[in-house]
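The next block holds one structure in the form of structure tokens; read it before the comments.
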Amino acid sequence: MNAPQRAEAAPATGEADPDVAGAVSRLNTSQREQLERVIGAGLVERGSVFVLSLAPVRDETGAKWDFRKEQVWERVAVNSCSAYEGQARCVTLLRQIMAHFLGREGDDDIRISRVTSISGPDLIGEPIDIRAGPDPRYRTSGLEAGVGAGHLPPDQWTPPLAGRTYAAPFTSIRGETVEMELRVTPVWCLRRGTISSYAIRRRFPNAHRPINDYDQEAADKQTAIRMVELLKEYAAFGGLFALHVPIFFATASSRRSRVNMLGLCGPVLPLMRQVAIIEIEGIDDGVPFSRMKEAVAMLSPFVRAVMAGVNEGRRLNPQIRDCGFAGVAVQAGPGPVMRPELKYLLAQGRRATPNVVVHDADLSPEVEARLPGLGVSHLSGMARDPVG
């Protein structure tokens, strides 16, 4: 269906939703046949048929919509996987569409409805709150059964999520033990002045930051193991947030390393698609375009989003916009001042994407207040009072 509609909850009378009335009649012959197969397979009863709304694109493009609507299709999305996983895949697809047409991919623009029945030419549907856990009517696995069950805020977890630290040692290629520490910090949305997600941050002993592929993969393995444990807690306590997870480019760009890492994540893969934001560290101007694009393409189906990570003092790869990155994650250097290197890096990020996260910044309140004007959308750290 190439006309924008937004499916709302079906009236109690069981009548067709007027916003999607006649939707079936606008399908061509092959699409109608596909829909008939969907009905016959029982996917509507399983809650695995969704309608994706392009209304935000239509509303913002205004008079240009008549031209742009030919570039996209709004249609029923069918997934043979579980209903919750199908919902996560639809959210990912809509984020990509919004990023392409609107230059942003905030959840405020994501509108998805689940088709509950079909009556003649009409679809009857109900809106989905993408921040909620699986609908109990359509849960199909033990892991999904716990997701969002109690919607317990992370600050009420035992212990609270923010501020946790974990020892995550690994053995280097020289046979030495590297005492890596993992820390969970909140990520503040500067536009709203609230915590929007959490991030796993890594600390390495002096002179022991991994610089070769072997050590970097070993560090990523320990990070992935901790991510899996946190996502299991997410399922147990109920979670409604995203989790930023760093991995090195050497791991992300190596097929063997990717397969090994995803193998560790097998028990929580459905949750990763809903929750995990992978930040590939080391996306500077020396990274080959083809390897960068392959890394994003190979990881994207398994996670909520993939971001480009770069350290202060390095130059951001200018080709990230062509690789499918959802944003830029900047690792700030020490000190409370805005150094020229950081300011330049933020300017690069702002030109590439509306989603710029700054990690581990120890800036003064006066400098933090200027960050939104420099293109920063999110800021990680423990105790701060960000601007709204």
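The values are calculated or read from the model by the stated rules, or taken from the named source; none is laboratory data. Note that the coordinates shown come from a computational prediction; the quantities given were computed from them, not determined experimentally. Heads up, the Cβs are rebuilt from the backbone with ideal geometry, glycines too, and the neighbour counts pull from every protein chain shown. For accessibility, only protein heavy atoms count, side chains too; no ligands or nucleic acids. Shrake-Rupley method; radii C 1.70, N 1.55, O 1.52, S 1.80 Å.
What to note about this one:
- If the condition is being more than 28 Å from the chain's Cα centre (by Cα) and either outside any loop (DSSP other than H, G, I, E, B) or free of Cβ contacts under 8 Å to residues at least 40 places away in the same chain (or both), then the stretch 171-195 contributes THR171, ARG174, GLY175, GLU176, THR177, VAL178, GLU179.
- Enumeration of residues in the stretch 273-283 that are of a type in the set (A, V, I, L, M) and closer than 13 Å to THR223 by Cβ: ALA276, ILE278, ILE280
- Residue check, VAL245 buried (at least 20 other Cβ atoms within 10 Å of the Cβ) and at pLDDT 95 or above: yes
- Condition met for ARG209 (surrounded by 14 or more Cβ atoms within 10 Å (Cβ to Cβ), within 22 Å of the chain's Cα centre (by Cα) and not hydrophobic (A, V, I, L, M, F, W, C)): no
- In the stretch 251-266, the residues that are on the phi < 0 side of the Ramachandran plot and assigned to a loop (DSSP other than H, G, I, E, B) reach residues that are buried (at least 16 other Cβ atoms within 10 Å of the Cβ) and of a type in the set (D, E, K, R) with C-beta atoms within less than 8 angstrom, at least six apart or across chains, in these pairs: SER253/GLU294; SER254/ASP213; SER254/GLU217.
- Reported count of residues in the stretch 212-239, each being among the charged types (D, E, K, R) and under 21 Å from the mean Cα position of the chain (by Cα), is 6.
- Among (1) hydrophobic (A, V, I, L, M, F, W, C); (2) buried (at least 16 other Cβ atoms within 10 Å of the Cβ); (3) more than 21 Å from the chain's Cα centre (by Cα), the one test that ALA347 misses: (2)
- Restricting attention to the stretch 237-250, the residues that are assigned to a helix (DSSP H, G or I) and among the aliphatic types (A, V, I, L, M) total 1.
- Of the residues TYR198, TYR234, TYR214, the single one that is touching a residue at least 40 places away in the same chain (Cβ under 8 Å) and either assigned to a loop (DSSP other than H, G, I, E, B) or open to solvent by 50 Å² or more (accessible area, probe 1.4 Å) (or both) is TYR214.
- Residue list for the stretch 354-384, filter: at pLDDT below 85, out of contact with any strand residue (DSSP E or B) (no Cβ under 9 Å at 6 or more places or on another chain) and open to solvent by 20 Å² or more (accessible area, probe 1.4 Å): ASP362, SER364, PRO365, GLU366, ALA383
- Answer from LEU94, LEU123 - the residue that is modelled with pLDDT of 75 or more and open to solvent by less than 40 Å² (accessible area, probe 1.4 Å): LEU94
- The stretch 320-343, residues that are touching a Leu at 6+ places or on another chain (Cβ under 9 Å) and at pLDDT 90 or above: VAL328, VAL330
- Selected residue [of a type in the set (S, T, N, Q) and without any contact (Cβ under 8 Å) to a residue 24 or more places away in the chain] from SER377, SER290, SER364, SER300: SER290
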